[in-house]
Amino acid sequence: MNIRIRTSIIIAPILLLSLASSVFTFLLVLTLIFFIVLETNLMLTDEKRKLRIILFFFFLVPLYLIIIEWVEYSAIINSILHLIALVTGILLIIIGITNKDEKISDRPQFSYLEGRRFSEFLLRESSTLFFITGVASILLLYESFSDLKWIIFPILTVFVVDSTSYFIGSKFGKSKINFLLKLSPNKSMEGYISGYAAGILFYLFINLISNSLVTEFYINFILALFIPFLAIIGDLYASGIKRNFGVKDFGLILPGHGGIIDRLDSIVITLTLLSLVKALA
C-alpha cells in the first residue's frame, strides 16, 4: 500500500501541471490514449499487436481527436458511445463468467473467453472505446483554468471511494457477494457500502466548502449519489475485463498500481457523466 501512496503522490502534480494549458491537456489525453491502446492489446500475438497499434495511432485516434477539436462533436455523442461500450462490455463479461467452465475454477486467471474469438474481439474493442471516450471527456470538460473543479472534484471523490473501500474492506470486510467474487474476490459488501457512503459525504462536503459544480442543490445531490456508484461500477467493469482475459493487471507501468487503465477505471466513467452534466447545465 505504501508503494501505491508514493506513486499517487508523484502522479498528482503531473496531472495538475498537465491542466496548465490546452496544449498540455491535449498531450495528457493523447498519452493516456496511447497507454490505453497498449494495455488493451489483450490476447494478441506480437504481429497483431503491432498492426492494431498502427491502425489506432495512424488512423482511428487522429481522426477521433480531429473530430473532437474541429468538428461539432458534443459531450452527448461522446457519452452515448461511452454508454454503448460500457453496456456491451458488461454483457460480454456476464456471458463470459456465466459460461465459465467450473472444472478450471482453481485457476483464477484463466481466460473465460478462450476459444470465443468474436466475444474476445468485441470485449477488447468495446473496452478500448470505453476508456478512450472516457479520457476524451477531459477535452470536453476542461476549456480553461476555471473548469479545474470539473476534473478535481470527481477524481478526489473516486480516490475517497477507493481508499475507504480498501481500508474498511481489508479490516472489517466479511460479507461477500457470490457473483462479484468472480470479478473481484478480495472485495466485500462492507468495503463497497463504506466506500459509497464516504464518496457521497465527501462530494457533498467539497461542494459545500467551495463553489459547487452546478447551482441547483438537487442536481448536486443526485451527482453525489451517482458518482461514487459509477466509480464502483467502473472498478468492477475493469475487473471483469481482466478476469475474462485472464490477466491480473492491465500493465506494470505504475509501481503498486498495475497499468494506467487500472487507475482510470473508476475515473473515466465519472468524467463522462460530468461532461454530459456540464454540457446540459
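FYI, it's all coordinate maths here, none of it is from the lab. Source: prediction; values computed, not measured. With ideal geometry, Cβ positions are generated from the backbone for all residues, glycine too; neighbour counts draw on all protein chains shown.
Let me confirm the definition first: pairs of Lys residues in region 2-280, 8 or more apart or on different chains, C-alpha distance under 23 Å. How many are there? For region 2-280, qualifying lysine pairs total 27. The string of couplings for region 223-229 from the Karplus curve (6.51, -1.76, 1.60, θ = phi - 60°) is 5, 4, 6, 7, 4, x, 5 Hz, one whole number per residue in order, with x for Gly and Pro.
Overall, the ratio between the Cα radius of gyration of the chain and 2.2 N^0.38 Å, rounded to two decimals, is 0.99.
In the elastic network of the chain, a GNM with C-alpha springs shorter than 10 Å, the most mobile of Thr45, Thr128, Thr98 is Thr45. Charge dipole (Cα centre; +1 on Lys/Arg Cβ, -1 on Asp/Glu Cβ; no other charges) of the chain amounts to roughly 780 debye. When the trypsin sites (Lys or Arg not before Pro) in region 203-261 are filtered for DSSP coil states and for at most 13 other beta-carbon atoms within 10 Å of their beta-carbon, the remaining sites are Lys248. Computed from the Cβ-Cβ distance with R0 of 30 Å, the FRET efficiency linking Leu30 to Glu143 stands at 0.95. A Gaussian network model of the chain, with springs between Cα atoms under 10 Å, assigns the largest mean-square fluctuation among Leu60, Leu42, Leu271 to Leu60. Dipole of the chain computed with +1 at Lys/Arg Cβ and -1 at Asp/Glu Cβ about the Cα centre; of Ser266, Ile67, Ala279, farthest Cα towards the positive end is Ser266.
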